[in-house]
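Some notes on the structure that comes next.
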Amino acid sequence: MPIGNPSNTDSLFRDVFADVLNSNKSFVENFEHEELTGTAKEGLAIITCMDSRISPLAVVGMKPGDAKILRNAGARVTDDVLRTLVLASYLLGVKRILVMPHTDCRMANGDEADIHNEINAQYGIDTSSIEFKTVKDQKKALLEDLHKIRNFPLLNEEVVVGGAIYNVGNGKLEPLEG
Ligand SMILES: [Zn+2]
């Protein structure tokens, strides 16, 4: 694939993203969020996995404008999640934070070595310089992540932090006590 040829890259983009760009046309025609601001109306932030089965706003009965959504592999609380939560908790209306990993998560179905080996076997690429943050015990990892947020000194102290595991099989949220 030629890289660095703008016209080629542009036509490739239009080809590969044709459905995306097309769908956006009708989205624009029916657009109804022009009055919204960047403040989370319902004061909620959700940290969840990138898993494509999860539609975070729908899970909690909300809509655009209501909540901040942060996503990464495994719904882990990383430095960048903490950075984002600090901003959200002071400047963007966030008063409660829900950490929401899910059942059947790839990040909880194997250890670091398994995932590095799988990528290496399929693509011949050594990814061992990256920590994927896999979890052995999902509830334990969630408790650790909640602890990490609650003890982050720069987070707005008024924020309430909780965790729940989302069941991708039936849509149910299972709150984690503790
Ligand atoms: Zn996942």
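Annotations
- Taken as a whole, the condition of being in contact with a Leu (Cβ under 8 Å, 6 or more places away or on another chain), away from the ligand (no atom under 15 Å from the Cβ) and farther than 19 Å from GLU174 by Cβ does not apply to LEU146.
- The numbered conditions (1) in a loop (DSSP other than H, G, I, E, B); (2) away from the ligand (no atom under 16 Å from the Cβ); (3) without any contact (Cβ under 8 Å) to a residue 60 or more places away in the chain are all true for ASP80 except (1).
- Matching residues in the range 100-114 - criterion: being away from the ligand (no atom under 12 Å from the Cβ) and either in a helix (DSSP H, G or I) or over 23 Å from the mean Cα position of the chain (by Cα) (or both): GLU112, ALA113, ASP114
- Subset of the range 119-139 (residues that are over 21 Å from CYS105 (Cα atoms) and in a loop (DSSP other than H, G, I, E, B)): GLY124, ILE125, ASP126, SER129
- From PRO101, PRO175, residue being closer than 24 Å to LYS41 by Cα and surrounded by fewer than 17 Cβ atoms within 10 Å (Cβ to Cβ): PRO175
- Tally of residues being at pLDDT 95 or above and either of a type in the set (S, T, N, Q) or within 15 Å of ARG150 (Cα to Cα) (or both) across the range 91-118: 8
- Options ASP66, ASP10, ASP19; residue that is of a type outside the set (A, V, I, L, M), more than 30 Å from GLU131 (Cβ to Cβ) and modelled with pLDDT under 95: ASP10
The values are calculated or read from the model by the stated rules, or taken from the named source; none is laboratory data. In this text the structure is predicted, and so the values were computed from the model without any measurement. Glycine also receives a Cβ, built like all others from the backbone with ideal geometry; neighbour counts cover every protein chain displayed.
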